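Participant: One structure coming up, written as structure tokens, with questions to follow.
The values are calculated or read from the model by the stated rules, or taken from the named source; none is laboratory data. No experiment lies behind these values; they were computed from the predicted model shown. All Cβ positions, even for glycine, are placed from backbone atoms using ideal geometry, and neighbour counts span all protein chains on display. Surface areas here come from the heavy atoms of the whole protein model, side chains and all, with no ligands, DNA or RNA. Shrake-Rupley method; radii C 1.70, N 1.55, O 1.52, S 1.80 Å.
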Amino acid sequence: MSNCTNLTLCNNETRNDSDSNGTLSTIFSIVLSIMLALVVFSLGCTVEALKLWSHLRRPWGIVIGLVCQFGIMPLIAYLLAIGFSVQPTQAVAILILGCCPGGLLSNIITLWVDGDMDLSLSMTSCSTIVALGMMPLCLFIYSNSWELAKSIIIPYYNIGMALLSVVVPVGVGVYVNYKWPSKAKLISKIGSIIGGLLMLVIGVASTVLYKGSWNTDMSILIIGIIYPLLGYISGFGIAVIVRQPWPRCRTIALETGAQNVQMCSTVLQLSFSPKQLVQMFTFPLIYASFQFVNGMLLVAAYQLYKRLFWKASKEISKKFPERCITVSELDINGIVNQDFEYEGVTHIGDTVSSTL
């Protein structure tokens, strides 16, 4: 059984599509998988070994992300399914998606909002590992309301492959950054552009290939729109409460709201009949689309803020040139953050001026 790529759904078993459309979908999935691997490799080229080791040695940010991923997201999924009184098949699909680990979309958007790429990639890897135990546990806790959920099968093999698809390209990228840092910067810039084009292609292709899936209940559409946004807001809020640096707050927010849609679609295919899948595949497609749309809105808002902030910081630095520090040296209250010795920032917009 073929796997679905991130942000796309395999529904060849759920509808009587023509052979040409099925072939097109297969080719699209293969090409997309290769392109995603290249994008992940380019993201790995932004990672420094010392920073990555600092996160693994003191995994406070990773722990916060895991709490959001497997504590907040399944709970929100359950409350939305109950609150909107959706059909059991749709409720199970919502719950499964909520119990999945983080997806690659979060890594791409994290790069665009000047987040902590070392934390982002380590969180994605760790959440995929932890999903081996937390997915069954979360589904056991929240699925008692629906008899249909008893047939859910956890795809341990696919989870392992998803982990490899992140660890291997990132590992190669880290090595390239260590050996050839100048080339790694060029690769990361090219990868960022390719990632943006890839997300656009995914959105258009998914809409064309699975346009019939948008004919669904209004409640499912509303949940698909607000669920990823609730994830982003919850992750950011918790990171702020525990006083994480701003780059980490943005990273944890994106890791929380961007779920692994590929993992969800694989679980659905392994667990349910083609007749049930007709209703179930609708929600992951809608969620995938709006986690991307909401993410792009966050990127636009951040870039606008960054431009305004940079203009203001330039004016301050002219008046008070005595001392300059970086945003990542500050916690959320403006106090120098001495606990993260590897938290340097290379982005122009993250520089502020301060007098002491």
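Participant: Can you compute 3J(HN,Hα) from phi for each residue in segment 97-110, using the Karplus curve 6.51 cos²θ - 1.76 cosθ + 1.60 with θ = phi - 60°, rounded to whole Hz and x for Gly and Pro?
Facilitator: 3J(HN,Hα) across segment 97-110, in whole Hz: 4, x, 9, 7, x, x, x, 6, 4, 4, 5, 5, 5, 4.
Participant: Hey, can you find the accessible area per residue of segment 27-94 for me, probe 1.4 Å, expressed in square angstrom?
Facilitator: Here the residues of segment 27-94 average 43 Å² of exposed surface.
Participant: Would you grab the residues whose amide H sits under 5 Å from the one on Gln259? Only those 5+ places off in sequence or on another chain, please, with H modelled 1.01 Å from N.
Facilitator: Distant-sequence amide H within range of Gln259: Gly103.
Participant: Sort 64-72, 192-200 for me by packing, meaning the mean count of neighbouring Cβ atoms within 10 Å per residue, highest on top.
Facilitator: Top of the packing list down: 64-72, 192-200.
Participant: Could you please put Glu147, Glu255, Glu48 in sequence from largest to smallest accessible area, using a 1.4 Å probe?
Facilitator: Descending accessible area places them as Glu147, Glu48, Glu255.
Participant: Separate question: Expressed as a whole percentage, what fraction of the accessible surface of segment 86-181 belongs to carbon and sulfur atoms when a 1.4 Å probe is rolled over the protein heavy atoms?
Facilitator: 71
Participant: Using packing as a proxy for protection, rank 80-86, 292-298 so that the peptide with the highest average count of other Cβ atoms within 10 Å comes first.
Facilitator: Put in order of decreasing packing, that is 292-298, 80-86.
Participant: Explain nothing, just compute: Karplus ³J(HN,Hα) = 6.51 cos²θ - 1.76 cosθ + 1.60, θ = phi - 60°, for every residue of segment 275-286 in order, whole Hz, x for Gly and Pro.
Facilitator: Karplus-based 3J(HN,Hα) across segment 275-286 equals 5, 6, 5, 4, 7, 6, 6, 5, 5, x, 5, 5 Hz.
Participant: Short version: ³J(HN,Hα) in whole Hz for each residue of segment 196-201, in order, from phi by Karplus 6.51 cos²θ - 1.76 cosθ + 1.60 (θ = phi - 60°), x for Gly and Pro, what are they?
Facilitator: Karplus values, whole Hz, x for Gly and Pro: x, 5, 5, 4, 5, 4.
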